[in-house]
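Novice: There's a structure below that I have some questions on.
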Amino acid sequence: MKVLRSIAAVVVSYIVVYGIVFLSDPVLAHLFPAQYVPGKVPPLYLLWISTAIYALASILGGWLCARIAPSKPGLHLLVLFVIGEGLGVFFTVHNWGIWPHWNSFVWLAIWPLCLWIGGRIRR
């Protein structure tokens with residue numbers, strides 16, 4: 001049962017973060033219809049709003065992972081970090097030339113910090 005809860009801690013946390021970020025796109029498109037257009041890079045302020053949403057979602061994901069983990073929340077956060085960072089590198093390569101490079105690098109940099117903050121909130 002502990003193994004299933006450990007797996008759930010990481011998987012559910014990642015799904016929550018990804019879900020919030022994924023669902024924020026239509027909300028931003030609705031709030032900023034002229035600037036948030038598919039196939040076009042949004043203006044700088046929208047990229048920063050999106051980054052802030054990602055940071056808050058990552059903090060929530062770190063908290064949730066540490067909260068669900070049956071023991072050793074730090075180890076679960078490390079696994080979540082490695083999975084997220086690996087997928088982040090994949091998406092950075094995939095979106096190379098489509099999105100500004102700095103945006104991907106900022107997301108890769110704040111992921112571990114925000115997970116750590118979320119894990120610390122849990123304590």
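Readers should treat all values here as calculations from the given coordinates under stated rules, not as data from a laboratory. Nothing here was measured: the structure is a model prediction, and the numbers come from that model. Every residue, glycine as well, gets a Cβ built from its backbone with ideal geometry; the counts of neighbours run over all protein chains shown.
Novice: Quick one: in segment 51-102, of everything that is out of contact with any Gly (no Cβ under 9 Å at 6 or more places or on another chain) and among the polar types (S, T, N, Q), which residue is surrounded by the fewest Cβ atoms within 10 Å (Cβ to Cβ)?
Specialist: Restricting to residues being out of contact with any Gly (no Cβ under 9 Å at 6 or more places or on another chain) and among the polar types (S, T, N, Q), the top hit is S71.
Novice: Moving to a separate point now. Within the set of pairs 6 or more residues apart or between chains, which connect a residue that is free of Cβ contacts under 8 Å to residues at least 40 places away in the same chain inside segment 77-102 to a residue that is hydroxyl-bearing (S, T, Y) and surrounded by 14 or more Cβ atoms within 10 Å (Cβ to Cβ) with Cβ atoms less than 6 Å apart?
Specialist: T92/S104
Novice: If you don't mind, another one. Scan segment 64-113 for residues that are in a helix (DSSP H, G or I), closer than 19 Å to S50 by Cα and in contact with a Leu (Cβ under 8 Å, 6 or more places away or on another chain) and jot them down.
Specialist: Listed by number, the residues that qualify are G84, E85, G88, V89, T92, N103.
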